[in-house]
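Take a look at the structure set out below.
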Amino acid sequence: MTKYNGCAVITGGSRGIGASIAEEFAKKGFPVVINYNSNEESACTTLQKIQNNGGKGIIFQCDVSDRKSVDAMTKKAISEFGKIYALVNNAGISQIKLFTDITQDEWHKMVAVGLDGVFNCCQSILPYMIHEKNGRIINISSVWGVYGASCEVHYSAVKAGVIGLTKALAKEVAPSGITVNSIAPGCIKTDMLLGECDEQTLSELANETPVGRLGTPQDVARAAVFLASSQADFITGQVLGVDGGFC
Ligand code: NDP
């Protein structure tokens, strides 16, 4: 049976999908580490909501692409809560651009946040999970990581990389009692999507989604909580689509 002792570390937990994941984990009784990069106010708002509902947590600023800062976050999580049960690699950035216009710097930044960030957090936290012979890693990919998106080649490549990392790492750490899964969300109404689409495009995306609406952060958060639950003990190395049938 799964032991739930330890906290959940959620990268990019200040806003959007990550904030909802932090709230859902807190509702299940996990203390949460809400990581953010620059938006301290949103991180505080998320923590306040959790505390108002009787949950526990801390906020922690760190750029997931910076290994030293990630290690500091891991140490803080351990010193504050003793153990880390779950890691949700959710932090991410996006950009819409023709492939031929993507600069080297933009490519490297996309990889640094979206893929190095997942590597850094997994490698920093895994020794503690392996010591416990227990843990859950959930990596937020995207439908574009599975199917590819025009004008988002760097984003799609990074999200496909997250899936490869998930599948391989799942095999490596399964004997240590740790599961590693990925979620591939479809179109979810957050700052990221709103920054890319005008009202008309949003309504077209909702129409193209078979269930007839855009996803909510909570749709993704519930899937993440499921993958961390004892019901998902035998599920590892998988990509769970949360896309309303979009792909
Ligand atoms: P948002 O833009 O709403 O939020 C992004 C979050 O990531 C923020 O908390 C932000 O922190 C954090 N973040 C960004 N860069 C860094 C960094 N370098 N280090 C640490 N944290 C960082 O995005 P969403 O909630 O929409 O997306 C969350 C995840 O879901 C992403 O990985 C995204 O690719 C994926 N996704 C989203 C979809 C969608 O339709 N929205 C669809 C498919 C996948 P801060 O607040 O400090 O800026």
Might you check whether a residue that is β-branched (V, I, T) and within 12 Å of the ligand (Cβ to nearest atom) occurs anywhere in segment 63-76?
yes
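Just to verify a result, which residue in segment 170-217, among those that are under 30 Å from Y128 (Cα atoms) and loosely packed, with under 15 Cβ neighbours inside 10 Å, is farthest from the ligand (Cβ to nearest atom)? Don't jump to the end; show me each part of the working.
Looking only at segment 170-217, we keep the residues that are under 30 Å from Y128 (Cα atoms), and these are 170-185, 217.
Filter again for loosely packed, with under 15 Cβ neighbours inside 10 Å, leaving 171-172, 174-176.
Details: K171: 23, E172: 23, A174: 24, P175: 28, S176: 25 Å.
Among residues in segment 170-217 that are under 30 Å from Y128 (Cα atoms) and loosely packed, with under 15 Cβ neighbours inside 10 Å, the one farthest from the ligand (Cβ to nearest atom) is P175.
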Search result, residues across segment 48-65 that are more than 18 Å from G6 (Cβ to Cβ) and more than 17 Å from the chain's Cα centre (by Cα)
Q48, K49, Q51, N52, N53, G54
For segment 145-157, does any single residue satisfy the condition of being of a type in the set (D, E, K, R), touching a residue at least 24 places away in the same chain (Cβ under 8 Å) and outside any loop (DSSP other than H, G, I, E, B)?
no
Residues in segment 165-177: is at least one in a loop (DSSP other than H, G, I, E, B) and in contact with a strand residue (DSSP E or B) (Cβ under 6 Å, 6 or more places away or on another chain)?
no
Assess whether F30 counts as being away from the ligand (no atom under 13 Å from the Cβ) and under 11 Å from A221 (Cα atoms).
no
Of the numbered conditions (1) within 17 Å of T11 (Cβ to Cβ); (2) away from the ligand (no atom under 16 Å from the Cβ); (3) part of a helix (DSSP H, G or I), R136 fails exactly one; give the number of that condition.
(3)
Restricting to segment 100-133, what's the tally of residues that are in a helix (DSSP H, G or I) and either aliphatic (A, V, I, L, M) or away from the ligand (no atom under 16 Å from the Cβ) (or both)?
17
Which of the following residues is assigned to a helix (DSSP H, G or I), touching a residue at least 24 places away in the same chain (Cβ under 8 Å) and charged (D, E, K, R): K75, K49?
K49
For G161, only one of the following conditions fails: (1) within 13 Å of the ligand (Cβ to nearest atom); (2) more than 18 Å from G237 (Cα to Cα); (3) out of contact with any strand residue (DSSP E or B) (no Cβ under 8 Å at 6 or more places or on another chain). What is its number?
(2)
Is it the case, given these coordinates, that S42 is under 25 Å from A149 (Cβ atoms), within 10 Å of the ligand (Cβ to nearest atom), modelled with pLDDT of 95 or more and surrounded by fewer than 23 Cβ atoms within 10 Å (Cβ to Cβ)?
no
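The values are calculated or read from the model by the stated rules, or taken from the named source; none is laboratory data. Predicted model only: the values in this text are computed from it and were never measured. Glycine gets a Cβ as well: all are built from the backbone with ideal geometry, and neighbour counts include every protein chain shown.
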